[in-house]
Structures are given as C-alpha cells and as structure tokens.
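K.L.:
One structure follows; several queries about it will come next.
The values are calculated or read from the model by the stated rules, or taken from the named source; none is laboratory data. From a predicted model like this one, the values you see are computed outputs, not experimental measurements. Reconstructed Cβ throughout: ideal geometry from the backbone, glycine too, with neighbour counts over all protein chains shown. Heads up: the accessible areas ignore ligands, DNA and RNA and are worked out on the full protein's heavy atoms, side chains in. Shrake-Rupley method; radii C 1.70, N 1.55, O 1.52, S 1.80 Å.
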Amino acid sequence: PSAASAPSHEAFTALLRVKGKPLDPMVSSLAAMAESISKQEPSAREQSVNSIKTLLQGLLDSITSQHSIAQKSVTNQSTFDSCNAQKLTDLANAENIKIGVNWTDTTDAYNTCQAEFQAMNSTFTSCYQQEEMLRVAATARCEYFASVDRSSNFQSWFCHEDDFPASSSYEAYLQRNIEMLADFRNRRANCSNATAAQSSKMLECTGYQQQASAKEVMCAHLTPYANPADCSSYEAKKQACISYSHCRTQAQHESSSAAATADQLAESLKVQWEGLKRIECLLDVISKSGDAAAMEACVAASHDTSALNIVVPAAPTAQPCDAGVAPAGCA
C-alpha cells in the first residue's frame, strides 16, 4: 500500500492497546516505528522491518530474562535454609554449654545416705518402743514394791503386833517377819533391776537417735541440685527454637513479599509481551501487504503468556526443634 493508505498514528496505537491499558513506552516507540515503516514504499520496507524485528526480539529476550530473574527470586529458598543452619548452630552451642563444667551429681550418694538414715531411724523407733515397754514394766514393779515398802517407818511393822493374832506363837510371829522381809527384798530387787534395764535401754536409744540425727544432717549436705550448666543449656535450646520460629516467620513474610512483587512484574511483562507480539505480526503484514484487515487480525489474535506466569513453591516444612524436658531442679 502507499503512504496514503497507511493507518494514522492514532488508529495504529489504538489497535495495539490491550483492554484499554496504555502502551508501554518501549512498545509505543516500536509502534511508532512500525507506523513510520508502513508509510514507506514497499521496496524500502524489508530492511527497516528486519531492523525493528531484531530490536523487537531483543526486547522479547529481555522480558524472558526479567521473568527468569523474578521467578528465581520466588523460587530461592535460601532464607529458609539459613534458618535451618542457624538453628543447628544455636542448638550445638547450647549443648556445648555443658562441656567442661565442674559439677558432681550427688544423687546416688544422697539415695544411699537416705537409705542408711531410714535404717537408723527404724532402729531408733524400735528401740524407743522397747524402752517404753521396759518403762511400763519398771513402773509396775516399782509400784508393787512401793506397796510393801516401809523403809521410812519400819518399826511400825516389826515392833507392833496389831495385825498379828494374839493366839499365835512367837515363832510364828518371827517367821512372818522373815517372810515379809524376804518379799520386801525381792520386790525391791525387781524394781531396781527393771529401772536399771529401762535406763540402760533409754541410753541405748539416745545413742541411736543421735546417730540418726547426724546421718540426717549428712544427707542434707548431699541433697542433689540441678547442674547449672544443664539449666543454662536447656534455656539456650528453648531460645534457639523460639529464634528458629521467628526466623521462619520472617522468611515466609519475605517469600510472600517477593511473590507479590514478582506477580506484579509478571503482569507488566505479559502486557509488554502481547504488545510486542502484535507489533511483530503487524510488521509481517506491513512487509507483505499492509492490509488493514490483516492488521486488525494481528491485534485481535491472542498470544500465550503462560510462560510468564510466576510459579510460587510451597514453603519448606519446618524442621523439628525440641528443647527437651526441663532438667529436674531447673526453674
């Protein structure tokens, strides 16, 4: 077609608009160049068309490159890997806290001491029960002795005959006194022996009690306590897991932000891609016939931009992080 039959600039750009969106400046510039070529004589168009196609292909390649960079920014999960690596380092450091700490576990010694104390306490309790039985027996025997004890006023027994029958002989009276004295001595001996046995047992029990008390004090000094390094290590492990959780949260936020930015860029690249593909089609039409209907067909044609979609991968599964059970004695 001649320059007179070429579409106007306004008509040309209108054909290239995508759903009412304004043209990208670079695409608009190429459209202007294509419009200019459409006004040239057919003999001069081929070289110009080829030059623009070379430039156009460079722009298409640039779009592909930009998409690739955007896709890599979304696919890149090094931030999550950094969280995993830092977690391992923090847990290792937490474990190393216990290395070289001078601490003695007294649990076994304490348990042994407690067993010995219980045995001593049991011996004392048994001894005390025996002493109580001896005390009761001594009290009974001494009360039995007290019932005949007239040592503070013995003449009332042996010098008076009020309770002795007058018809009895002197020999009978004397025999009675001999028997009473023998019974008195026997009861006194029983009281003394019982009292001595109870006193001896009490002294024995006091010794057992003192031994048990001393052992109890010794056991108190052996009371197990938590290794401070174990407590510090446990707290460090808990903090490592908390930090790991925070790190992953930040990584997920950054990943979502990168995906949103990449999606916005991809939409822009798709518009540019479609515009460039329309210009490429128009250039082919211009170089051959310049038919207006064919130009409209170029603009109406749809172009697959699915290759410019951003594929967002799922976030990596969090690695387990367990500080374990708090050591006994740690707050």
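K.L.:
For the range 248-331, which whole-number percentage of the solvent-accessible area (1.4 Å probe, protein heavy atoms only) is attributable to carbon and sulfur atoms?
P.N.:
54 percent
K.L.:
Can I get the semi-axes of the range 42-118's equivalent ellipsoid? Compute them from the C-alpha gyration tensor as square roots of 5 times the eigenvalues, in angstrom, largest first.
P.N.:
78, 10, 4
K.L.:
Net charge within 15 Å of GLN129 by Cβ-Cβ distance, Lys/Arg positive one each and Asp/Glu negative one each, not counting GLN129 itself?
P.N.:
After counting each charged neighbour, the total is -1.
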